[in-house]
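Remarks on the structure that follows.
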Amino acid sequence: MAVRPIRLYGDPVLRKRAQPVGTITPAIRTLVDDMIETMVEANGIGLAAQQVGELVRVFVIDLSAVQDGQQPMGFINPTIIKQEGEQVGDEGCLSFPDFTEKVVRVERATVAAFDLNGQRFELEGAGLLARALLHEQDHLDGVLFIDRLSPIRRRLLQGRLRKLAKSTEQGMEKQ
Ligand code: NI
């Protein structure tokens, strides 16, 4: 297992649509393990494959942060199959260091996905877990949490967002 560098806002990979996983290869297993390690080290609740530069439909969620006795878990080819209610709460993203914004999400969501053994499972989450599931699912379609803000709020953040994107681009040029 290894911690991988987290891609920050301004990296074009975050705006791309991820492709479904065909076969669960050793590379996919390693990716899930690495993503879990990367998420835990960064104190995140969730992480999508784009955030480590991989365009596959995989995300991980640290269930231990939302449910006692649970473990971080990988979701392969996830789809949201049920959504209901509404909640407003603080949300951040590991690709946006130091940004926390109020985002409207559904209160309850059910995801269907495959685990590393290729077994299909469903998981229902409320509150923070529902928020995390929807946030990570968005990433797989190149949608970022700032897209869910009101136009006014986005305009107010424009300067900080431009600054972050610029420093990300400069960092990428150096590599
Ligand atoms: Ni995120």
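Numbers for the structure displayed
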quantity	calculated
Residue that is farthest from the ligand (Cβ to nearest atom) [pool: residues in the range 125-153 that are within 11 Å of Arg105 (Cα to Cα) and small (Gly, Ala, Ser)]	Ala126
Matching residues, the range 121-148, being open to solvent by less than 20 Å² (accessible area, probe 1.4 Å), closer than 20 Å to Asp98 by Cα and over 10 Å from the mean Cα position of the chain (by Cα)	Arg131, Ile146
Matching residues, the range 73-109, being under 22 Å from Glu37 (Cβ atoms) and within 15 Å of the ligand (Cβ to nearest atom)	Phe75, Pro78, Gly92, Cys93, Leu94, Ser95, Phe96, Pro97
Number of the condition not met by Gly53 [criteria: (1) small (Gly, Ala, Ser); (2) over 15 Å from the mean Cα position of the chain (by Cα); (3) within 16 Å of the ligand (Cβ to nearest atom); (4) within 22 Å of Thr25 (Cβ to Cβ)]	(2)
All positions within the range 12-27 that are touching a residue at least 60 places away in the same chain (Cβ under 8 Å) and assigned to a helix (DSSP H, G or I)	Leu14, Arg15
Boolean, Phe59 is open to solvent by less than 10 Å² (accessible area, probe 1.4 Å), within 23 Å of Lys16 (Cα to Cα), part of a loop (DSSP other than H, G, I, E, B) and within 14 Å of the ligand (Cβ to nearest atom)	no
Residue in the range 75-87 that is modelled with pLDDT under 95, open to solvent by 20 Å² or more (accessible area, probe 1.4 Å) and either farther than 27 Å from Pro12 by Cβ or not aromatic (Phe, Trp, Tyr) (or both) present	no
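Listed here are the residues, each with its yes/no results for (1) open to solvent by 60 Å² or more (accessible area, probe 1.4 Å); (2) aliphatic (A, V, I, L, M); (3) in a loop (DSSP other than H, G, I, E, B).
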{"site": "Ile6", "(1), (2), (3)": "no, yes, yes"}
{"site": "Gly10", "(1), (2), (3)": "no, no, yes"}
{"site": "Arg29", "(1), (2), (3)": "yes, no, no"}
{"site": "Asp34", "(1), (2), (3)": "no, no, no"}
{"site": "Leu47", "(1), (2), (3)": "no, yes, no"}
{"site": "Gln50", "(1), (2), (3)": "no, no, no"}
{"site": "Glu54", "(1), (2), (3)": "yes, no, yes"}
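The values are calculated or read from the model by the stated rules, or taken from the named source; none is laboratory data. Predicted model, so just to flag it, every value in this text is computed and none were measured. Glycine gets a Cβ as well: all are built from the backbone with ideal geometry, and neighbour counts include every protein chain shown. These area figures cover heavy atoms from the full protein model, side chains too; ligands, DNA and RNA do not enter into them. Shrake-Rupley method; radii C 1.70, N 1.55, O 1.52, S 1.80 Å.
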